[in-house]
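Please read the structure below before turning to the comments.
The values are calculated or read from the model by the stated rules, or taken from the named source; none is laboratory data. Fair warning: this is a prediction, and the values are worked out from it, not measured in the lab. Reconstructed Cβ throughout: ideal geometry from the backbone, glycine too, with neighbour counts over all protein chains shown. The accessibility values were calculated without ligands, DNA or RNA, using every heavy atom of the protein model including side chains. Shrake-Rupley method; radii C 1.70, N 1.55, O 1.52, S 1.80 Å.
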Amino acid sequence: QVQLVESGGGLVQAGGSLRLSCAASAHTFSSYAMGWFRQAPGKERVFVAALRSRYGSILYADSVKGRFTISRDNSKNTMYLQMNSLKPEDTAVYYCAAGWVAVLTRTQEYDYWGQGTQVTVSS
């Protein structure tokens, strides 16, 4: 069982930046694909960004390309999401996820989820 804990959310003005962190409990962290998803009120949970284990692909949703950067530090069992040039439409609860994933963008493929962290961007 893998436990994931997100942190770093908060309230920021449009154009500002936040860095989210996702700390994992598993010593096998480096073996998992990791992803960030977000869910706005009344909407489905959607893909934001993901990356595979040590060496592999990184994917971003079109809506965040060029503004968000996903990374991981396997020595710290931690994944990050650097969010720059934030917009009001980025407001959502952000979740990190982990698993043995074939398709990085598919919510259903991830086995483990964090509790979420709220990001609110004011205009």
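What is the one condition in (1) polar (S, T, N, Q); (2) part of a helix (DSSP H, G or I); (3) touching a Ser or Thr at 6+ places or on another chain (Cβ under 8 Å) that residue 21 does not satisfy?
(2)
Can you name every residue in the stretch 22-45 that is over 8 Å from the mean Cα position of the chain (by Cα), more than 16 Å from residue 73 (Cβ to Cβ) and open to solvent by less than 70 Å² (accessible area, probe 1.4 Å)?
Residues satisfying the conditions are 39, 40.
Of everything in the stretch 104-123, what is farther than 11 Å from residue 34 by Cα and open to solvent by 60 Å² or more (accessible area, probe 1.4 Å)? Give them in sequence order.
Of everything in the stretch 104-123, those that are farther than 11 Å from residue 34 by Cα and open to solvent by 60 Å² or more (accessible area, probe 1.4 Å) turn out to be 106, 108, 115, 118, 123.
Only one of (1) surrounded by fewer than 16 Cβ atoms within 10 Å (Cβ to Cβ); (2) part of a loop (DSSP other than H, G, I, E, B) fails for residue 86. Which number is that?
Evaluating residue 86 over (1) surrounded by fewer than 16 Cβ atoms within 10 Å (Cβ to Cβ); (2) part of a loop (DSSP other than H, G, I, E, B) leaves (1) as the failure.
In this structure, does residue 73 turn out to be acidic (Asp, Glu), open to solvent by 10 Å² or more (accessible area, probe 1.4 Å), over 14 Å from residue 113 (Cβ atoms) and modelled with pLDDT of 95 or more?
Values: acidic (Asp, Glu): yes; open to solvent by 10 Å² or more (accessible area, probe 1.4 Å): yes; over 14 Å from residue 113 (Cβ atoms): yes; modelled with pLDDT of 95 or more: no.
No; evaluated as a whole, the condition is false for this residue.
Quick check on the stretch 3-21. Is at least one of its residues surrounded by fewer than 14 Cβ atoms within 10 Å (Cβ to Cβ) and among the acidic types (Asp, Glu)?
Looking through the stretch 3-21, none of the residues is surrounded by fewer than 14 Cβ atoms within 10 Å (Cβ to Cβ) and among the acidic types (Asp, Glu).
Taking the stretch 74-104 as the region of interest, how many residues are of a type in the set (Asp, Glu) and within 14 Å of the chain's Cα centre (by Cα)? Don't jump to the end; show me each part of the working.
Going residue by residue through the stretch 74-104, those that are of a type in the set (Asp, Glu) are 89-90.
Among the residues that remain, those that are also within 14 Å of the chain's Cα centre (by Cα) are: 90.
Count: 1.
Given the structure, is residue 53 under 15 Å from residue 109 (Cβ atoms), open to solvent by 30 Å² or more (accessible area, probe 1.4 Å) and assigned to a loop (DSSP other than H, G, I, E, B)?
Details: under 15 Å from residue 109 (Cβ atoms): yes; open to solvent by 30 Å² or more (accessible area, probe 1.4 Å): yes; assigned to a loop (DSSP other than H, G, I, E, B): yes.
Spelling it out, residue 53 is indeed under 15 Å from residue 109 (Cβ atoms), open to solvent by 30 Å² or more (accessible area, probe 1.4 Å) and assigned to a loop (DSSP other than H, G, I, E, B).
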